[in-house]
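Novice: Before I ask anything, let me first share the structure, which is written out below as structure tokens.
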Amino acid sequence: MTKHDSNQPAAEAPIIIATDVDKIYPNGCHALKAVSTTVARGEVVVILGPSGSGKSTFLRTLNQLEVINGGSILIDGVDMYSKGTNINQLREQVGMVFQNFNLFPHKTALENVMLAPLKVSGREPKEVEEHARDLMYKVGMDQRMQNYPSHLSGGQQQRVAIARALAMKPKIMLFDEPTSALDPEMVGEVLDVMKSLAAEGMTMVVVTHEMGFAREVADRVLFMEEGALLVEDNPDDFFDHPSHPRLKQFLSKIF
Amino acid sequence: MHVNQKNWLWNGVFIAIILGLCASVYLAGKRIDYSWNWDRVVPFIINSDPLEIVAEVDGTLEFNEQGQPQIYPYDGGDPQLIDPTLALSLSEGDMVYAGDVLASIEQTRIGPLLEGLLVTIEISIISLLFAVVIGLMVGLMRVSVNPALRNLAITYIEVIRGTPLLVQIFIVYFFLGTVLELERFTAGVVALSVFTAAYVAEIIRAGIQSIPSGQMEAARSLGMSYPKAMIYVILPQAFKRTLPPMAGQFINLIKDSSLVSVIAITDLTKAGREVISGNFAPFEVWFTVALLYLVLTSALSWAIQRLERRLAASD
């Protein structure tokens with residue numbers, strides 16, 4: 001089915017295994033300090049933390065938009081940094097949704113969704129278009145498929161961006177503050193799409209400030225500060241019985 | 001309403017200033033001791049002088065067995081054959097001398113100035129194509145993370161932009177032309193395209209760098225390789241943004257092509273110089289040459305503006 005069938009691990013093995021991930025920027029900023037965690041198949045993990053805590057950086061290491069300086073990352077049993085790994089093939093399995101949507105402005109909404117499957121996967125154009133239309137329907141954008149991104153609202157653009165990432169049939173979806181650039185009245189429509197995705201069993205790693213979403217949808221919540229992973233807990237204990245003093249401080253500022 | 005009235009006023013001012021300038025140029029032309037003679041320029045654009053068939057030898061006009069007119073030379077050499085379809089102004093047995101007009105044909109040919117214009121168009125189009133291809137490659141090298149490619153591109157751009165085009169044309173023609181045995185037209189194309197490509201490369205670099213980095217990240221996160229992301233995502237957007245400066249560069253290319261006249265390519269400028277040396281109407285000819293360049297550059301800038309408007313669909 002996929003390119004990695006030969007060394008497919010047992011279904012119980014975590015789909016993401018990050019071990020002692022270190023990231024140091026050329027300017028000397030130590031963005032990630034020995035971050036280790038795993039994400040199970042179908043799990044929804046939310047990462048919280050103050051701004052500059054490294055949560056977005058960590059998310060971006062999971063599809064190698066940031067190259068790490070130490071440690072290792074395994075995606076579905078494949079070491080991202082071993083010599084034989086084709087990073088483009090790996091990225092096809094890890095969809096990403098950005099804070100600023102990053103839709104391609106010269107393509108219509110539907111063309112945005114179809115571009116990568118056509119040019120990368122080499123699938124049949126007819127099949128790709130059918131799949132794209134299904135996805136647009138799923139994110140509630142089937143009425144605006146022929147619009148250019150500049151003619152769509154932020155919430156609509158972000159829903160197209162989710163459809164675009166799903167078009168590659170990824171095993172994992174990464175969300176980098178998907179609602180932070182939206183007007184408040186549009187946050188709900190994007191979160192609804194993410195909730196239905198979670199309900200379908202998609203593996204999701206979400207960096208967000210939406211505490212309600214974290215509490216309602218997350219299987220596990222991570223708390224990061226200054227590049228270190230401080231707390232990993234289920235949402236109930238995370239919010240109602242915070243153990244770590246830094247987490248208590250963080251939550252007290254929010255609620 | 002109020003604004004509209006003011007616009008009318010200022011448009012009127014604009015027209016008045018232009019008319020004033022034209023009038024002063026006209027008066028200045030009157031004051032100098034120069035006899036303006038615009039109709040002398042016309043034959044150099046469209047030549048409607050009849051083509052004359054002249055006798056090549058001294059002899060008599062006679063018809064041979066097939067009824068074809070011929071001139072039998074007095075000195076007994078080979079007869080000069082004449083096309084029988086021509087309406088001859090002589091009859092059989094007439095004596096003719098070398099240089100006599102035997103017949104004239106009505107015709108309209110393009111004059112040397114238009115011929116020069118065609119050469120200018122040809123050299124500009126060929127150079128433009130090469131300039132875009134080379135410029136695109138150098139521009140992509142310029143934004144590459146590979147230091148060898150990047151530094152090669154920077155060196156190329158700096159060397160070409162730092163030396164005059166006229167000098168480059170001489171170097172290409174006299175040095176490269178000798179080493180590689182280039183024809184003068186080829187040498188002109190090489191010099192123009194290499195020169196323009198350096199500017200095109202900088203325009204393309206600026207265009208690529210003006211695209212937000214999120215576009216490349218989004219394309220790569222979908223599994224596209226760097227070249228695919230460039231081809232399908234970055235370059236189409238950069239192309240749109242680079243059109244206005246690119247139009248300026250292409251117009252420069254057309255104007256710069258006038259410099260190839262120094263290596264004796266008969267482009268519009270060289271044709272102008274040749275015409276003047278024959279008819280002594282320098283003012284009229286130079287004004288005409290300038291007008292022909294203006295027609296060419298205006299057409300190009302109009303075409304690119306249309307393209308820009310078509311690409312604006314996604315804005």
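The values are calculated or read from the model by the stated rules, or taken from the named source; none is laboratory data. It should be emphasised that the depicted structure is a prediction, and the values quoted were computed from it without experimental measurement. Here the Cβ is made from the backbone with ideal geometry for all residues, glycine too, and neighbour counts use every protein chain on show.
Novice: For region B:30-50, does any single residue satisfy the condition of being within 27 Å of B:LEU114 (Cβ to Cβ), touching a strand residue (DSSP E or B) at 6+ places or on another chain (Cβ under 6 Å) and touching a residue at least 40 places away in the same chain (Cβ under 8 Å)?
Specialist: yes
Novice: A follow-up question, please. When you scan region B:23-45, how many residues do you find that are closer than 19 Å to B:SER277 by Cα and surrounded by 11 or more Cβ atoms within 10 Å (Cβ to Cβ)?
Specialist: 10
Novice: Restricting to region A:134-149, count the residues that are over 22 Å from the mean Cα position of the chain (by Cα) and either among the polar types (S, T, N, Q) or part of a helix (DSSP H, G or I) (or both).
Specialist: Matching residues across region A:134-149 total 3.
Novice: Here's a follow-up. Out of the residues in region A:140-168 that are within 11 Å of chain B (Cβ to nearest Cβ) and of a type outside the set (A, V, I, L, M, F, W, C), state the one that is surrounded by the most Cβ atoms within 10 Å (Cβ to Cβ).
Specialist: Among them, the one singled out is A:ARG164.
The rows are residues; the columns are (1) surrounded by 12 or more Cβ atoms within 10 Å (Cβ to Cβ); (2) modelled with pLDDT of 90 or more.
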residue	(1), (2)
B:THR269	yes, yes
B:VAL275	yes, no
B:ALA281	yes, no
B:VAL289	yes, yes
B:SER298	no, yes
B:TRP302	no, yes
B:GLU308	yes, no
B:ALA313	no, no
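Novice: Go over the candidates A:LYS55, A:LYS107, A:LYS83 one by one and state the one that is within 11 Å of another protein chain (Cβ to nearest Cβ) and charged (D, E, K, R).
Specialist: A:LYS107
Novice: Which condition does B:PRO227 not pass, out of (1) within 14 Å of chain A (Cβ to nearest Cβ); (2) in contact (Cβ under 8 Å) with a residue 12 or more places away in the chain; (3) more than 25 Å from B:TYR293 (Cα to Cα), if it passes all the others?
Specialist: Failed condition: (2).
Novice: Could you check region A:154-191 and list, in sequence order, the residues that are basic (Lys, Arg) and either closer than 19 Å to A:LEU62 by Cβ or in contact with a strand residue (DSSP E or B) (Cβ under 6 Å, 6 or more places away or on another chain) (or both)?
Specialist: Of everything in region A:154-191, those that are basic (Lys, Arg) and either closer than 19 Å to A:LEU62 by Cβ or in contact with a strand residue (DSSP E or B) (Cβ under 6 Å, 6 or more places away or on another chain) (or both) turn out to be A:ARG164, A:LYS169, A:LYS171.
Novice: So which strands (runs of 3 or more DSSP E) stay within region A:14-127 end to end and still have 1 or more residues that are of a type in the set (Lys, Arg), over 18 Å from A:VAL206 (Cβ atoms) and in contact with a helix residue (DSSP H, G or I) (Cβ under 9 Å, 6 or more places away or on another chain)?
Specialist: By residue number, A:16-24.
Novice: Identify, please: which residue in region B:260-311 is without any contact (Cβ under 8 Å) to a residue 24 or more places away in the chain and more than 18 Å from B:PHE44 (Cβ to Cβ) and is, among those, nearest to the other protein chains (Cβ to nearest Cβ)?
Specialist: Filtering region B:260-311 for residues that are without any contact (Cβ under 8 Å) to a residue 24 or more places away in the chain and more than 18 Å from B:PHE44 (Cβ to Cβ), the one nearest to the other protein chains (Cβ to nearest Cβ) comes out as B:ARG310.
Novice: Restrict the check to region B:240-256 and report whether at least one residue is assigned to a helix (DSSP H, G or I), of a type in the set (A, V, I, L, M) and within 14 Å of chain A (Cβ to nearest Cβ).
Specialist: Yes, that holds for at least one residue.
Novice: May I pose another question? If I filter region B:212-250 down to residues being out of contact with any Leu (no Cβ under 8 Å at 6 or more places or on another chain) and of a type in the set (Ser, Thr, Tyr), which single residue comes out as nearest to B:ASP315 (Cα to Cα)?
Specialist: Residue satisfying both the conditions and the ranking: B:THR242.
Novice: To continue, here is another question. Say whether the condition of being surrounded by 22 or more Cβ atoms within 10 Å (Cβ to Cβ) and away from every other protein chain (no Cβ under 14 Å) is met by at least one residue in region A:121-139.
Specialist: Yes, the conditions are met somewhere in region A:121-139.
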